[in-house]
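Structure record follows, encoded as structure tokens.
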Amino acid sequence: AQKVTQAQTEISVVEKEDVTLDCVYETRDTTYYLFWYKQPPSGELVFLIRRNSFDEQNEISGRYSWNFQKSTSSFNFTITASQVVDSAVYFCALSEALDNFNKFYFGSGTKLNVKP
Amino acid sequence: EAGVAQSPRYKIIEKRQSVAFWCNPISGHATLYWYQQILGQGPKLLIQFQNNGVVDDSQLPKDRFSAERLKGVDSTLKIQPAKLEDSAVYLCASSFNRGGGETQYFGPGTRLLVL
């Protein structure tokens, strides 16, 4: 079974539209961490946010906001007033603690196309 | 602060040849990861080092892939012999070992094409 599911393979929006990228995760741990990364066409994965399982407060950073809901095992990412520069592949990831190290699982990614 | 460095950025080889990739993590980061990212997919962890010891290599095809991290800093990943299906981007990442949910920082990757 997939640990991290990003059901939306590709989304296209027009500039200034709001868009939400979905992420559903699966874990039996009580302590875990969730991440979002952006991968622009250049290829480098850029860290956006990290949340721990005990902090369900929504977070806003400029045009970006994240909605973490443990009840539905979801960690969704919303871009408000999208811009062409937001075009990229976005990955959600889960980190679980195992013995003496953390194991990471990445989703398959959602490709966002923002058209002018 | 300098980021994760990788070289080469691009490599084209023929099948059955050998290839090696190099990674220099962010200074002070104890944990180093190698990922394989096939086009259109998410990164898949190949191997994870904590200092110079391997903590997870469960998805490393050990018949052809090997990796080492001498002195707990730089790391090399080798493929010998390469197959067509090894064509992918190889990403190196590092994190500071504080325990629990460490953020990984990624290098630019090495794009490998096996012909």
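Values in this text are rule-based calculations from the coordinates and carry no lab data. Treat the numbers as computed from the prediction; the structure is a model and nothing was measured. Positions of Cβ are backbone-derived with ideal geometry, glycine not excepted, and every protein chain shown enters the neighbour counts.
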Worksheet, complete the sentence: When chain B is treated as a Gaussian network with springs between alpha carbons less than 10 Å apart, the largest mean-square fluctuation among B:L70, B:L91, B:L45 is found at B:L70
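Please arrange A:S95, B:S18 by how many other C-beta atoms lie within 10 Å of their C-beta, fewest to most.
Values: A:S95 25, B:S18 11.
With the fewest neighbours first, A:S95, B:S18 line up as B:S18, A:S95.
Order of A:D29, A:D22 from fewest to most other C-beta atoms within 10 Å?
Numbers: A:D29 12, A:D22 17.
If I rank by nearby Cβ atoms, fewest first, I get A:D29, A:D22.
When DSSP assigns beta bridges and you keep just the ones with both residues in the protein assembly as shown, what percent turn out antiparallel, to the nearest 5? Don't jump to the answer; show the numbers that get you there.
On the way: 71 of 80 bridges.
Approximately 90 percent, going by the DSSP bridge assignments.
With viscosity set to 1.306 mPa s and temperature to 10 °C, compute the Stokes-Einstein D of the protein assembly as shown, Rh being the Kirkwood radius across alpha carbon pairs; µm²/s, no decimals.
Numbers: Rh = 18.3 Å.
Answer, rounded: 87 µm²/s.
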Response to the item:
Quick note on A:E10, A:E44, B:E68, ordering by fewest other C-beta atoms within 10 Å, gives A:E10, B:E68, A:E44
Discussion item. I'd like the Karplus ³J(HN,Hα) series for region A:95-106: coefficients 6.51, -1.76, 1.60, θ = phi - 60°, whole numbers in Hz, and an x wherever there's a Gly or Pro.
Written reply: 10, 10, 8, 10, 6, 10, 8, 9, 9, 10, 10, 9
Worksheet entry | Alpha-carbon centroids, region B:51-80 and region A:1-78: separation in whole Å | 30 Å
Worksheet item: Anyone know which of B:Y33, B:Y105, B:Y90 comes out most mobile in the 10 Å Cα GNM of chain B?
Response: B:Y105
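How big is region A:58-115 by the Kirkwood estimate over distinct Cα pairs, in Å?
Working: mean 1/r = 0.0749 Å⁻¹.
Kirkwood hydrodynamic radius for region A:58-115: 13.4 Å.
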Item to complete: For B:S87, list long-range residues whose amide hydrogen, built 1.01 Å from N in the peptide plane, is under 5 Å from its own amide hydrogen.
Response: B:V114
Item to complete: Have a look at A:K70, A:K16, A:K103 and tell me which one the Gaussian network model of chain A (Cα, springs below 10 Å) gives the largest fluctuation.
Response: A:K103
Worksheet item: Dividing the Cα radius of gyration by the Kirkwood radius, what Rg/Rh value follows for chain A?
Response: 0.97
Worksheet entry | Translational diffusion of region B:1-110, µm² s⁻¹ [Kirkwood Rh, Cα pairs; Stokes-Einstein; 25 °C; 0.890 mPa s] | 175 µm²/s
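What net charge is computed for the residues neighbouring A:V114, neighbours being all others with C-beta under 15 Å from the C-beta of A:V114, Lys and Arg scored +1, Asp and Glu -1?
Numbers: positive: A:K16, A:K38, A:R63, A:K111, A:K115; negative: A:E10, A:E15, A:E17, A:D18, A:D86.
Surrounding charge for A:V114 is 0.
What are the chymotrypsin sites (Phe, Trp or Tyr not before Pro) within region A:12-71 that DSSP puts in a loop, where the Cβ has at most 15 other Cβ atoms within 10 Å? Write out the running numbers ahead of the final one.
Values: sites: A:Y25, A:Y32, A:Y33, A:F35, A:W36, A:Y37, A:F47, A:F54, A:Y64, A:W66, A:F68; in loops: A:F54.
Filter output for region A:12-71: A:F54.
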